[in-house]
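Step one of this worksheet: look at the structure below.
Readers should treat all values here as calculations from the given coordinates under stated rules, not as data from a laboratory. Keep in mind that what you see is a predicted model, and the values were worked out from it rather than measured. Methodologically, a virtual Cβ is constructed for each residue, glycine included, from the backbone with ideal geometry; neighbour enumeration extends over all protein chains shown.
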Amino acid sequence: MKVQVISPDRQVFNGEITQAVLPGVNGGFEILKDHAPLISILGKGTLTLNTTSEGAKIYEIDGGVIEVVKNEIRILVESIA
């Protein structure tokens, strides 16, 4: 799956992943290949991206929005550490 993670001041990540684990406002959830289309609000917590070549990328976020369409994921975050 192709994923982009964007904060207000920069592109944080752009690449291929096998799994995304996200902090939803009502609890965590994960995205795997061929996931149904989705738009959701993210809460404060840990964003984990399991990449195909670099292992796990882990970020702390303060909320945001995710969109999933045809194995393409866009994650817009308020702030990221």
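What to note about this one:
- Each of Leu42, Leu76, Leu49 was scored by other Cβ atoms within 10 Å of its Cβ. Listed from fewest to most, they are Leu76, Leu42, Leu49.
- Here each label is just a point 7 Å from Cα along the line to Cβ, and for Asn50 and Asp62 those points are 3.0 nm apart.
- Modelled spin-label separation between Ile39 and Asp9, with each label point placed 7 Å from Cα along the Cα-to-Cβ direction: 2.8 nm.
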